Structures are given as structure tokens and as C-alpha cells.
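Colleague: Dumping the structure here so I can ask a few things about it.
Any read-out appearing in this document is the output of simple, stated calculations on the displayed coordinates, not a laboratory observation. Since we're looking at a predicted model, the values are computed, not measured. Cβ placement follows ideal geometry from the backbone for every residue including glycine, while neighbour counts extend to all protein chains displayed.
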Ligand code: SF4
Ligand code: SF4
């Protein structure tokens with residue numbers, strides 16, 4: 001799959017997610033930004049899409065905003081969603097990862113608004129809470145399952161790429177050379193902050209959600 005096909009598939013995945021969740025009753029609204037923490041992660045494909053948007057829309061100053069706060073602690077995953085699914089299916093232990101919302105807000109956030117809202121990564125799109133969040137979102141267990149499935153598909157289409165914290169992925173994609181290497185799929189060692197994506201070997205869906213999620217899986221399969 002070339003880059004433009006992958007970006008097209010990513011957009012279709014976002015649309016399917018929006019359609020699947022549009023009827024949910026949620027407390028989310030404009031200027032609600034408790035969920036906009038420093039801990040958001042994304043794939044390199046999503047990072048490419050956002051970096052390209054910043055460059056093409058004269059918003060490159062946002063890279064400086066990210067860099068200025070890059071000394072701060074943030075969630076830097078050691079394991080991807082597809083690896084977690086593989087470990088779960090094998091009955092193996094999932095390593096604990098340190099994550100704390102008190103580490104601060106997303107470096108992109110401006111006056112409680114997202115300056116990249118139209119191209120935000122899936123991990124931002126999938127924050128849908130039934131109640132106003134105080135410390136954390138109250139997510140429906142089925143929505144959590146759906147979110148994981150979408151994360152698996154997005155990692156799968158970017159299986160030659162990497163994942164990491166929003167700060168690390170976007171600072172990596174700020175470099176034109178890195179963007180080019182990414183397009184050509186010749187990135188070998190993108191740095192210790194980013195982790196290698198994996199193809200999806202099995203979808204991790206709890207038995208109680210297997211029937212309910214079928215229409216969504218069918219929609220996703222139409223684009224693969
Ligand atoms: S997930 Fe919570 S903080 Fe984020 S927009 Fe929804 S209600 Fe607001
Ligand atoms: S990218 Fe936008 S939506 Fe996502 S956490 Fe940052 S400000 Fe919030």
C-alpha cells in the first residue's frame with residue numbers, strides 16, 4: 001500500500017468510526033478539554049497526516065509549541081495495541097506502563113481548543129465520555145472494545161511504521177528527511193521514543209461484544 005492509499009484508508013476508518021458512534025449519548029462538547037493530556041499517542045501515518053497539514057496550512061509554528069514543552073514527562077508507550085492483542089490471545093501478561101493525566105495538557109491545546117481538530121489522531125477522536133470528565137473519562141465497555149479494534153486496524157495499515165507519543169511522533173515528522181524516509185518505507189531506526197508497529201494477527205474482542213460489533217467489522221472489511 002502506498003502512502004496515499006494508506007491515508008485514504010485512514011480517512012475511511014475515521015468516517016466509519018464517526019458513523020458507528022454518532023448515536024451515542026455523550027457529554028463531550030466544544031471547549032471541553034480534560035481529555036487533552038500530554039499522554040495522547042498516535043501512529044506515524046497519523047503523524048504524517050498532521051505534519052503535512054501543519055506545513056501545508058502555514059501552521060508550522062505549532063512544531064515550536066510542541067518542542068518547547070518536550071522536556072516534560074509524557075506517556076511513551078513500550079508496546080503497541082496489536083502486540084497487546086497478541087499477548088492477550090496467548091494468555092501472556094501485559095507489561096504495566098506508567099501513565100498519569102496530572103503530567104499536564106496536550107502541547108497543542110490553545111484556550112481549550114484543538115488547533116488541528118480536523119486532522120486529530122484517532123486517540124483523540126475516540127475519547128467519548130458518558131459524563132463530564134473530572135479526572136478521567138467514563139467510557140462504555142463496548143465503546144472501549146470498539147476503540148481497540150479501530151486502533152488495531154490503524155496500526156495494521158501502518159505496519160511498516162511506528163507509534164509513539166504525539167510529541168515524539170510530530171517532532172520526528174517535522175523533519176522533511178524523516179517524512180521522505182517514511183513515505184519510502186526505509187525508516188530503520190527512528191529513535192528509542194518510537195516503537196515498531198505490527199500487523200494485526202487477531203482482533204481482540206471480548207465474547208460479550210462479538211455479536212454487537214459485527215456490523216462495524218463488516219464496514220471495516222469493505223475497505224480492506
Ligand atoms: S472525553 Fe471527557 S473531557 Fe473529553 S470532550 Fe468528552 S467529556 Fe470532555
Ligand atoms: S491533538 Fe487536539 S484533540 Fe488531541 S489532545 Fe491535543 S488538543 Fe486535544
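Colleague: How much length is gained on full extension from residue 196 to residue 118, taking 0.36 nm per residue of separation minus their Cα-Cα distance?
Modeller: Extra length available between residue 196 and residue 118 comes to 25.5 nm.
Colleague: With an 8 Å cut-off on Cα pairs and a minimum separation of 6 or more residues, tell me the relative contact order of the chain in percent.
Modeller: After rounding, I find 34 percent.
Colleague: Now for a separate question. For the stretch 1-82, restrict the atom set to alpha-carbon positions and state the Rg and Dmax in Å.
Modeller: Rg, Dmax (Cα atoms, Å): 15.5, 40.
Colleague: Using a 7 Å offset from the Cα along the Cα-to-Cβ direction at both residue 218 and residue 73, what is the distance between the two label points in nm, to one decimal?
Modeller: If labels sit at residue 218 and residue 73, their model points lie 4.8 nm apart.
Colleague: Related question: Once you place label points 7 Å from the Cα toward the Cβ at residue 111 and residue 183, how far apart are they in nm?
Modeller: 3.5 nm
Colleague: Still on this structure: Extending each Cα 7 Å along its Cβ direction at residue 34 and residue 59, get the distance between those two points in nm, one decimal.
Modeller: It works out to 2.5 nm between the two label points.
Colleague: Determine the gain in length on full extension of the stretch residue 102-residue 138; use 0.36 nm per residue of separation and subtract their C-alpha separation, reporting nm with one decimal.
Modeller: That works out to 11.2 nm of additional length.
Colleague: In addition: Based on alpha-carbon positions alone, could you give the equivalent ellipsoid semi-axes of the stretch 3-221 from the gyration tensor, as √(5λ), descending, whole Å?
Modeller: Three semi-axes, in Å: 25, 22, 18.
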